[in-house]
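*Asks:* One structure is given below, represented as structure tokens, and several questions about it will come after.
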Amino acid sequence: MSERVISGSLEPEPSVVTIAHIIYILHGLSILVALVGSAFVIGAFLFSLPAIVAVILNYVYRGNARGTWLESHFRWQIRTFWFAMLWAALAFVFLFTVGLVLVLSIIGIPLALAPFGVLCVWIIYRVIRGWARLKDRRAMEF
């Protein structure tokens, strides 16, 4: 299975690279606030002020990155947000359907909450992987 790499021939403007870093910082901040506070990573990543500002910045500046290797980062960040929203919704549906039956047994509680744990790890992974590749000035691979 081959991975598709998006890389443009143009070099992005330094200001757009800075914006991409700021977006990763905002996503990282929302995760950090959740980890050290009383919030859940999923909720903070989707609904905190830094996360909402990050998504808005993604949509505002992604056009400035078209045709450059940076375009893949804006796509990566936007897809991370929307897929996290989708998976969180599906995890809640699972929790309130299958999960309610599973909660009736002791072993069922961790199984009912497992999708949320997996989603938290996935969100953290996506932010770290994207930011590391941005730091190295490399396009994201899809």
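*Asks:* Between the alpha-carbon centers of segment 100-128 and segment 38-91, tell me the distance in whole angstrom.
*Replies:* 21
*Asks:* Per DSSP H run of n ≥ 4, the term is -39500 (n - 2.57); total these for the chain, divide by its residue number, and report the mean residue ellipticity at 222 nm rounded to 500 deg cm²/dmol.
*Replies:* Helices in the chain give a 222 nm mean residue ellipticity of -24500 deg cm²/dmol.
*Asks:* So, one more: Relative to the first principal axis of the alpha-carbon coordinates of the chain, what is the inclination of helix 14-36, with its axis defined by its Cα atoms, in degrees from 0 to 90 and to the nearest 10?
*Replies:* 20
*Asks:* Taking the dipole about the Cα centre of segment 14-135, with the C-beta of Lys and Arg at +1 and of Asp and Glu at -1, give me whichever of VAL41, GLY63, CYS120 is farthest to the positive side.
*Replies:* Selected residue: GLY63.
*Asks:* Now a separate question. If you take the Cα atoms of the chain, find Rg, then find the Kirkwood Rh from the mean of 1/r over all pairs, what is Rg/Rh?
*Replies:* 1.06
*Asks:* Let me ask you something else. Net charge near PHE83, counting Lys/Arg +1 and Asp/Glu -1 over other residues with Cβ under 12 Å of its Cβ?
*Replies:* Value of the local net charge: +3.
*Asks:* Over all alpha-carbon pairs of segment 44-111, lay out the pair-distance distribution in 5 Å bins, whole %, shortest bin first.
*Replies:* Calculated over all Cα pairs of segment 44-111, the distribution is 4, 15, 17, 15, 12, 10, 9, 7, 5, 3, 1 percent.
*Asks:* If I model a spin label at HIS21 and LEU86 as a point 7 Å from the Cα along the Cα→Cβ vector, what separation in nanometres do I get?
*Replies:* Here the answer is 3.2 nm between the modelled labels.
*Asks:* If Lys and Arg each add +1 and Asp and Glu each add -1, what is the summed charge of the other residues whose beta carbon sits under 15 Å from the beta carbon of ILE31?
*Replies:* Within the 15 Å Cβ shell, the charges total +2.
*Asks:* Assuming R0 = 30 Å, can you tell me the calculated FRET efficiency for the pair VAL93 and ARG138, based on Cβ-Cβ distance, to the nearest 0.05?
*Replies:* 0.25
*Asks:* Another question, then. Given Cβ point charges of +1 (Lys, Arg) and -1 (Asp, Glu) and nothing else, what value in debye, to the nearest 20, does the dipole of segment 14-135 about its Cα centre take?
*Replies:* 380
None of the figures in this text is laboratory data; all of them are computed from the coordinates on show. Predicted model, so just to flag it, every value in this text is computed and none were measured. FYI the Cβ positions are ideal-geometry reconstructions off the backbone, even for glycines, and counts take in every protein chain you see.
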